[in-house]
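Structure first, commentary second.
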Amino acid sequence: MENTYDRLQALTKGQIALIHEKSVELLEKTGFWFDSERARSIFKKHGFKVDGEIVYITSQDIEKALETVPEEFTIKARNPENDIRVGGEHFSFSNNAGAPFIVDFNGGLRTSSSKDFKNFLKLNQQLEPIGYTRELIASSQDIPAENTLLYELLWQLKLTDKPVNCVFDGGAPLLAITFGINKKKMNHDSLEGISYGVGNYNPRSPLALENSQCDRCIDLAEWGIASCISPMPMGGMTGPVTLPGLIVLQNTEVLAPLVLSQLVSPGAPVIYGILATIADMKTAVSATSAPEVGIVMRACTQMAKFYGLPTRGDVGLSDSCCVDFQAGAESAYHFVNTIRCGVNLLPGLGSLQSRGIGSFEKLVLDAEIASQIKRMLKPLEFTGDSLAMETIMNVGQKGNYLTQEHTFKHFRTEIYNPQIFTRNSYSNWEKDGLKDAYTRANEKVKQMLESYEQPPLGQSLEKDMDAFALAHYPVSMKNE
């Protein structure tokens with residue numbers, strides 16, 4: 001969907017230029033730690049200054065890399081109707097990822113499981129506002145850690161036909177099987193503005209990219225899979241406590257890996273990830289819903305647009321441990337702030353406790369907010385029919401529109417109809433059992449899981465996917 005509304009901006013043009021200048025200064029004078037001989041050899045091959053494990057990057061190097069990064073591209077889905085556009089004014093919602101715990105409807109907290117992961121995917125497939133899917137488990141107890149990443153990608157592809165954001169460590173060949181193409185074709189298509197999925201890698205703040213993350217950066221670029229560079233500096237702990245300093249660090253930690261990706265494959269799609277938070281000095285937790293996080297989101301979105309890069313932020317985040325007023329208020333704030341910033345990829349639905357807890361009910365409630373946001377931002381179309389001039393003239397003075405054919409024709413598509421939120425009178429709400437939004441969301445979760453139908457996959461494709469998975473899982477998953 002395209003966002004045509006106004007923007008929240010934190011920076012002046014002069015401040016944007018200053019942040020870029022200071023980021024360049026850090027990369028030229030302090031350098032960036034690349035914990036990978038493979039990565040450092042690429043830099044050496046292209047004439048970069050490398051001192052031990054530290055790589056120094058100049059302003060010219062950054063400018064050259066930015067020249068080749070695409071400003072927009074399409075992420076393909078198994079179902080072409082679900083393809084999404086990334087960059088520009090487009091935006092798309094997704095779920096929270098990486099939560100090791102689940103809070104049940106009754107408030108009980110437990111470790112997430114493979115069943116939870118699959119149930120989240122079944123909900124994602126049916127929730128219209130969710131444009132793409134993501135991993136939902138950190139390392140569930142019933143899945144060997146060695147298998148987690150490939151397992152998540154396999155079941156995203158099986159249980160949904162939306163674009164996937166979980167392409168890690170050997171997952172690209174599974175995508176190739178799914179779409180019936182090879183590595184050469186995937187790389188070629190990336191240069192034509194098409195990616196078959198999204199992968200992430202996370203710089204370790206401050207100013208470092210560890211060995212496994214270097215490999216992800218290189219592999220994703222070689223395959224032509226869009227990569228989201230997602231540093232997560234925490235103000236006061238792994239980043240400066242002052243917001244200008246935190247913004248400079250976040251920006252620098254995106255630019256350095258971006259240069260590596262373009263050395264590997266000029267034109268490889270890259271997404272500017274904005275995940276910086278601040279540390280709560282009383283509890284030492286990462287406060288994902290603090291107002292300062294919103295300021296950093298606005299500032300870094302401006303930096304990404306300055307560079308011509310697509311963006312990924314977060315919506316629906318809350319530091320609450322349950323689905324209460326705090327969770328709703330913080331989630332709604334994140335939706336409004338991030339949408340008005342102009343961020344493209346918007347995961348986070350279903351998140352609690354600083355991304356650490358997932359909730360089925362909150363996923364459905366956040367999807368309700370996302371639906372309303374999409375309706376509010378839907379561009380107005382001024383046509384003869386929508387202007388309703390003939391109807392206005394026919395009704396004239398002191399009439400009503402309730403019985404007009406024009407109303408019957410348009411009310412279902414023009415007026416948003418909430419699925420969970422209520423617009424009932426108190427007496428009717430009382431007759432319905434005094435159910436609050438949380439209870440109604442729980443009922444919706446149960447109904448959706450019962451009615452879920454797996455999107456068509458085809459026996460031949462599923463057999464090929466399973467064969468690949470069995471051959472590449474470090475620990476056998478034959479019971480799956």
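The values are calculated or read from the model by the stated rules, or taken from the named source; none is laboratory data. Source: prediction; values computed, not measured. Counting neighbours? That spans all protein chains shown, and the Cβs are built from the backbone with ideal geometry, glycine included.
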Query - Pair list, Cβ < 8 Å and 6+ apart or interchain, from segment 302-316 residues that are in the same structural domain as PRO231 (by TED's automatic domain parsing) and under 13 Å from ARG7 (Cβ atoms) to residues that are surrounded by fewer than 23 Cβ atoms within 10 Å (Cβ to Cβ) and at pLDDT below 95 - result: GLN302/GLN9; GLN302/ALA10; GLN302/LEU11
Report task. Scan LEU123, LEU109 and give me the residue that is at pLDDT 95 or above and under 22 Å from VAL323 (Cβ atoms). Result -> LEU123
Report task. Kindly indicate the residue of segment 264-288 that is at pLDDT below 90 and touching a strand residue (DSSP E or B) at 6+ places or on another chain (Cβ under 9 Å) and also farthest from ILE16 (Cα to Cα) among those meeting that condition. Result -> VAL285
Query raised in the report: How many residues does segment 118-168 hold that are assigned to a loop (DSSP other than H, G, I, E, B), of a type in the set (Asp, Glu) and over 18 Å from PRO347 (Cβ atoms)?
Result: 2
**Report entry** All positions within segment 278-307 that are touching a helix residue (DSSP H, G or I) at 6+ places or on another chain (Cβ under 7 Å) and among the hydroxyl-bearing types (Ser, Thr, Tyr)
**Finding:** SER289, THR301, TYR307
Query raised in the report: Restricting segment 89-131 to residues that are touching a Gly at 6+ places or on another chain (Cβ under 9 Å) and among the aromatic types (Phe, Trp, Tyr), which is nearest to GLU71 (Cα to Cα)?
Result: PHE91
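Could you please find all residues in segment 216-247 being β-branched (Val, Ile, Thr) and touching an Asp or Glu at 6+ places or on another chain (Cβ under 9 Å)?
Matches in segment 216-247: ILE225, ILE229.
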Query raised in the report: Filtering segment 181-205 down to residues that are part of a loop (DSSP other than H, G, I, E, B) and in contact (Cβ under 8 Å) with a residue 12 or more places away in the chain, which residue is farthest from ARG85 (Cα to Cα)?
Result: SER205
Query - Of the criteria (1) under 18 Å from the mean Cα position of the chain (by Cα); (2) surrounded by fewer than 24 Cβ atoms within 10 Å (Cβ to Cβ); (3) not aromatic (Phe, Trp, Tyr), which one VAL198 fails - result: (2)
Query raised in the report: Can you find a residue in segment 72-95 that is more than 19 Å from the chain's Cα centre (by Cα) and on the phi > 0 side of the Ramachandran plot?
Result: no
Report task. Confirm whether PHE168 is farther than 17 Å from HIS472 by Cβ and at pLDDT below 95. Result -> no
Query raised in the report: Is segment 256-265 home to any residue that is surrounded by fewer than 24 Cβ atoms within 10 Å (Cβ to Cβ), of a type in the set (S, T, N, Q) and farther than 20 Å from VAL55 by Cβ?
Result: no
**Report entry** LEU470 being surrounded by 12 or more Cβ atoms within 10 Å (Cβ to Cβ), of a type outside the set (Lys, Arg) and over 30 Å from PRO418 (Cα atoms)
**Finding:** yes
